[in-house]
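The values are calculated or read from the model by the stated rules, or taken from the named source; none is laboratory data. Because the structure is predicted, anything quoted here is derived from the model rather than measured. Cβ placement follows ideal geometry from the backbone for every residue including glycine, while neighbour counts extend to all protein chains displayed.
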């Protein structure tokens with residue numbers, strides 16, 4: 001999905017919600033464990049209940065990989081039913097030397113080789129340019145590079161500063177953007193510090209940002225929009241636990257929809273407030 | 001495998017060679033493509049030809065993941081035949097927020113869940129402490145954290161320096177070592193700059209280092225040993241292409257053995273030179 005189509009989807013659905021599919025067998029409703037593929041059955045129900053309210057889905061690859069071949073099969077089946085109206089994100093945090101990143105790109109972007117056809121993949125930037133650019137060689141695909149994450153450990157290295165006070169995450173934004181464009185690069189920016197978006201937007205005014213950390217991790221949607229929204233919206237705000245684990249009963253899909261609807265309505269209000277719709 | 005056993009294996013085999021299993025269908029001998037599982041057939045032949053000459057095997061996970069379910073199955077079967085006398089490394093460059101790293105740890109360390117039972121996994125440190133520590137919660141398992149890599153892009157961020165001239169890779173060495181010990185943490189340090197090991201050893205005198213970049217990437221084994229070897233050896237030097245792709249003919253395993261033997265002999269000389277054997 002290209003940038004223009006993503007913006008159109010946001011305006012049409014009045015939402016910039018990304019639903020995280022961190023599907024954990026210990027957290028899904030027990031009645032689903034009797035299914036042949038409980039992870040896929042859960043994902044299918046969640047997707048059907050939320051697809052008109054969100055513009056992106058983000059399976060967290062660890063939650064599939066941990067079940068080995070079965071998990072990989074559940075991921076493949078899930079990727080096949082992701083709606084065409086939604087941007088798909090393989091949340092994989094990959095990144096390695098050039099010839100290896102090329103193989104990871106095949107894994108997530110080339111369905112003839114791997115069975116998977118995601119629009120984008122999340123990338124860890126530590127290894128530099130040749131670890132990122134192989135993902136940009138696929139027309140229409142995106143690399144979403146970690147800049148400032150929402151977890152506790154994010155401050156261990158991302159705030160490491162040079163003599164001029166420039167922090168590592170700023171250096172990442174500045175260097176990475178020279179390797180592609182805002183048509184094939186996004187950044188991960190955690191929602192836990194709204195005012196940090198001011199600094200992010202100094203370095204990356206036009207890029208879309210994938211924003212985890214709203215909800216369970218404590219970030220405020222209004223703050224993120226105040227400091228991070230640009231003229232195209234420029235945000236994909238992810239929610240996982242608050243939506244997919246809203247209930248462990250047979251009403252899990254209904255309850256997931258209700259939570260997604262709350263967020264979509266808040267997002268619609270923000271899009272209106274900022275004159276985007 | 002614990003540190004003491006690894007040191008004993010190094011002394012007994014007179015080798016600190018790690019063989020990389022970056023098994024690429026476009027590079028293996030053509031006659032193997034007729035096999036039911038060409039990747040596994042290739043790995044099995046390489047392992048049988050080299051296991052007495054090396055102390056570690058390192059499958060590069062991208063080369064399996066790119067083939068989806070089939071690749072994952074080849075990885076599982078390969079992991080089952082890795083000899084007990086060798087340290088096994090899942091070269092996966094994983095790392096995510098705490099609950100997700102926990103799932104990645106299950107993927108590579110818990111055979112009951114995933115089918116895989118590696119001794120160690122390579123980790124990208126960008127997300128900080130909670131992205132690394134879940135891998136340290138498994139007794140007898142290791143996290144091998146990227147410090148200074150051997151690729152061209154390594155200088156993009158790893159050399160980012162603070163006001164005191166400390167570089168990011170030094171900050172990584174210093175912080176990460178407080179999260180575990182030299183009994184469950186190693187670092188990746190590229191061989192392309194031998195003298196860089198001097199600085200690495202200031203920060204991590206006792207840790208084992210996993211060293212890619214000897215051979216195809218241009219690093220010198222003598223330099224690595226001069227600057228990087230410690231009293232326990234403290235090095236696992238990886239070679240991939242020079243060994244596994246020594247021939248594309250039916251003699252590929254023999255030729256792989258010959259190349260591994262050359263390296264083992266050079267390593268034996270270094271171990272003797274440094275008084276370790």
From the set of residues in segment A:23-51 that are surrounded by fewer than 22 Cβ atoms within 10 Å (Cβ to Cβ) and in contact with a strand residue (DSSP E or B) (Cβ under 9 Å, 6 or more places away or on another chain), which is nearest to residue A:233 (Cα to Cα)?
A:51
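Residue-wise test of (1) touching a strand residue (DSSP E or B) at 6+ places or on another chain (Cβ under 8 Å); (2) surrounded by fewer than 17 Cβ atoms within 10 Å (Cβ to Cβ).
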position	(1), (2)
B:228	yes, no
B:233	no, no
B:240	yes, no
B:246	no, no
B:253	no, no
B:259	yes, no
B:264	yes, no
B:267	yes, no
B:277	no, yes
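Does segment A:139-147 contain any residue that is in contact (Cβ under 8 Å) with a residue 40 or more places away in the chain, outside any helix (DSSP H, G or I), more than 22 Å from residue B:91 (Cβ to Cβ) and within 10 Å of chain B (Cβ to nearest Cβ)? Reasoning before the result, please.
Quick first cut of segment A:139-147, residues in contact (Cβ under 8 Å) with a residue 40 or more places away in the chain only: A:140-147.
When the remaining residues are screened for being outside any helix (DSSP H, G or I), the result is A:140-147.
If we keep only those that are more than 22 Å from residue B:91 (Cβ to Cβ) too, we end up with A:140-142, A:144, A:147.
This time we only want the ones that are within 10 Å of chain B (Cβ to nearest Cβ), so: A:147.
Checking segment A:139-147: at least one residue is in contact (Cβ under 8 Å) with a residue 40 or more places away in the chain, outside any helix (DSSP H, G or I), more than 22 Å from residue B:91 (Cβ to Cβ) and within 10 Å of chain B (Cβ to nearest Cβ).
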Subset of segment A:156-201 that is loosely packed, with under 15 Cβ neighbours inside 10 Å and under 22 Å from residue B:163 (Cα atoms) - its residue that is nearest to the other protein chains (Cβ to nearest Cβ)
A:163
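Is it true that residue A:101 is within 30 Å of residue A:195 (Cα to Cα), part of a helix (DSSP H, G or I) and within 9 Å of chain B (Cβ to nearest Cβ)? Break it down stepwise before answering.
On the way: within 30 Å of residue A:195 (Cα to Cα): no; part of a helix (DSSP H, G or I): yes; within 9 Å of chain B (Cβ to nearest Cβ): yes.
The answer is no for residue A:101.
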State whether one or more residues within segment A:78-96 are buried (at least 24 other Cβ atoms within 10 Å of the Cβ), more than 9 Å from every other protein chain (Cβ to nearest Cβ), in a helix (DSSP H, G or I) and on the phi < 0 side of the Ramachandran plot.
yes
Which numbered condition in (1) in a helix (DSSP H, G or I); (2) away from chain A (no Cβ under 11 Å) is the only one that residue B:52 fails?
(1)
The one condition residue A:151 fails out of (1) more than 7 Å from every other protein chain (Cβ to nearest Cβ); (2) at pLDDT below 95; (3) touching a helix residue (DSSP H, G or I) at 6+ places or on another chain (Cβ under 8 Å) is (1)
So, in segment B:154-171, exactly how many residues are out of contact with any strand residue (DSSP E or B) (no Cβ under 9 Å at 6 or more places or on another chain), closer than 16 Å to residue B:196 by Cβ and not in a helix (DSSP H, G or I)?
2
Kindly indicate whether residue B:73 is in a helix (DSSP H, G or I) and within 25 Å of residue B:263 (Cβ to Cβ).
no
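Determine whether residue A:100 is closer than 24 Å to residue A:178 by Cβ, in contact (Cβ under 8 Å) with a residue 60 or more places away in the chain and surrounded by 22 or more Cβ atoms within 10 Å (Cβ to Cβ). So that I can check it myself, show each step before the final result.
Working: closer than 24 Å to residue A:178 by Cβ: yes; in contact (Cβ under 8 Å) with a residue 60 or more places away in the chain: no; surrounded by 22 or more Cβ atoms within 10 Å (Cβ to Cβ): yes.
When the stated conditions are applied, residue A:100 does not pass them.
Being at the interface with chain A (Cβ under 7 Å from one of its Cβ atoms) and more than 20 Å from the chain's Cα centre (by Cα) is the filter here; which residues of segment B:59-73 pass it?
At the first step, the residues of segment B:59-73 found to be at the interface with chain A (Cβ under 7 Å from one of its Cβ atoms) are B:60, B:62-63, B:65-69, B:72-73.
The answer is B:67, B:68, B:69, B:73.
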Tell me which of these residue B:54 doesn't satisfy, since it passes every other one: (1) without any contact (Cβ under 8 Å) to a residue 40 or more places away in the chain; (2) in contact with a strand residue (DSSP E or B) (Cβ under 6 Å, 6 or more places away or on another chain).
(1)
For residue B:19, only one of the following conditions fails: (1) outside any strand (DSSP E or B); (2) within 16 Å of residue B:246 (Cα to Cα). What is its number?
(1)
So which residues in segment A:109-132 are buried (at least 24 other Cβ atoms within 10 Å of the Cβ), facing chain B (nearest Cβ under 7 Å) and assigned to a loop (DSSP other than H, G, I, E, B), if there are any at all?
A:116, A:124, A:125, A:126, A:127, A:128
